[in-house]
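K.L.:
Here you go, one structure.
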Amino acid sequence: MAFYVYIVASQRNGTLYIGSTDDLIARISQHKAGAFGGFTAQHGVTRLVWFETHGSRDEAFRRERQMKKWRRRWKLHLIEEANPDWLDLFDRVRLAGLKDASNWIPACAGTSGNERDL
């Protein structure tokens with residue numbers, strides 16, 4: 001089982017939050033939905049800009065605590081090094097398990113978009 005340390009941001013060079021989890025997709029979905037109403041919801045911190053994988057919960061937790069003590073510029077450097085455009089990595093992570101989308105058909109394929117035509 002994998003464990004993750006991640007950084008979410010409000011925008012490029014904006015408010016940052018560091019966390020750890022064993023389900024990155026679910027946790028980032030919670031941030032995006034404002035599910036807990038705390039710091040990240042109050043500051044609009046929803047963009048996954050960096051993450052790393054660890055082999056144990058304890059290892060990820062220690063790394064999270066270590067990084068929370070870092071100076072802001074160190075955190076910014078870490079993000080810039082891995083994700084210079086500050087892209088939201090959520091969809092990339094969420095869709096990473098999709099091996100071949102060549103046969104994937106959207107639910108609305110073949111319709112005009114006008115329900116009267118159905």
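K.L.:
For region 1-49, how many residues meet the condition of being part of a strand (DSSP E or B), hydroxyl-bearing (Ser, Thr, Tyr) and either more than 18 Å from ARG94 (Cβ to Cβ) or open to solvent by 40 Å² or more (accessible area, probe 1.4 Å) (or both)?
P.N.:
3
K.L.:
Filter region 50-66 for residues that are closer than 13 Å to ILE7 by Cα and either in contact with a helix residue (DSSP H, G or I) (Cβ under 7 Å, 6 or more places away or on another chain) or acidic (Asp, Glu) (or both); which is surrounded by the fewest Cβ atoms within 10 Å (Cβ to Cβ)?
P.N.:
Only one residue fits best here, namely GLU52.
K.L.:
Cβ-Cβ under 9 Å, sequence separation 6+ or interchain: first residue in region 54-69 and in contact (Cβ under 8 Å) with a residue 60 or more places away in the chain, partner outside any loop (DSSP other than H, G, I, E, B) and open to solvent by 70 Å² or more (accessible area, probe 1.4 Å). Which pairs?
P.N.:
Hits for this filter: MET67/TRP74.
The values are calculated or read from the model by the stated rules, or taken from the named source; none is laboratory data. All figures in this text were calculated on a predicted structure; none of them were measured in a lab. Cβ sites come from the backbone with ideal geometry, for glycine too, and all protein chains shown count toward neighbours. Accessible surface is based on the protein model in full, side chains and every heavy atom, while ligands, DNA and RNA are left aside. Shrake-Rupley method; radii C 1.70, N 1.55, O 1.52, S 1.80 Å.
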